[in-house]
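Throughout, read-outs are computed from the coordinates displayed, never taken from laboratory work. Remember, predicted model here, so these are calculated numbers, not experimental data. All Cβ positions, even for glycine, are placed from backbone atoms using ideal geometry, and neighbour counts span all protein chains on display.
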Amino acid sequence: MSEGWNIAILGATGAVGEALLETLAERQFPVGEIYALARHESAGEHLRFGGKSVIVQDAADFDWTQAALACFVAG
């Protein structure tokens, strides 16, 4: 995958999710798109990844076929 992996992170707004985003950026993991997912209460929030803003999406509405890799870190 020369363009990087499309990664969905369920629980992205929690401590583990934020640490995972930070680690992926620090390690320069080949990321195409990051899908930050959480419960509907957190949808619309903004997180930072690789110097860019990522909008948190409601996990219940997410189309999982968009992600090649999924990390489930929700508590």
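Candidates F72, F62: the one that is in contact (Cβ under 8 Å) with a residue 40 or more places away in the chain, out of contact with any helix residue (DSSP H, G or I) (no Cβ under 6 Å at 6 or more places or on another chain), surrounded by fewer than 13 Cβ atoms within 10 Å (Cβ to Cβ) and not polar (S, T, N, Q) is F72.
If a residue has to be in contact with a helix residue (DSSP H, G or I) (Cβ under 9 Å, 6 or more places away or on another chain) and either in contact (Cβ under 8 Å) with a residue 40 or more places away in the chain or not in a helix (DSSP H, G or I) (or both) to count, how many in segment 20-56 make the cut?
17
Within segment 1-19, the only residue that satisfies the criterion of being part of a helix (DSSP H, G or I) and touching a strand residue (DSSP E or B) at 6+ places or on another chain (Cβ under 6 Å) is G17. Only one of the listed residues (E18, E26, E45, E41) is surrounded by 16 or more Cβ atoms within 10 Å (Cβ to Cβ) and of a type in the set (D, E). That residue is E18.
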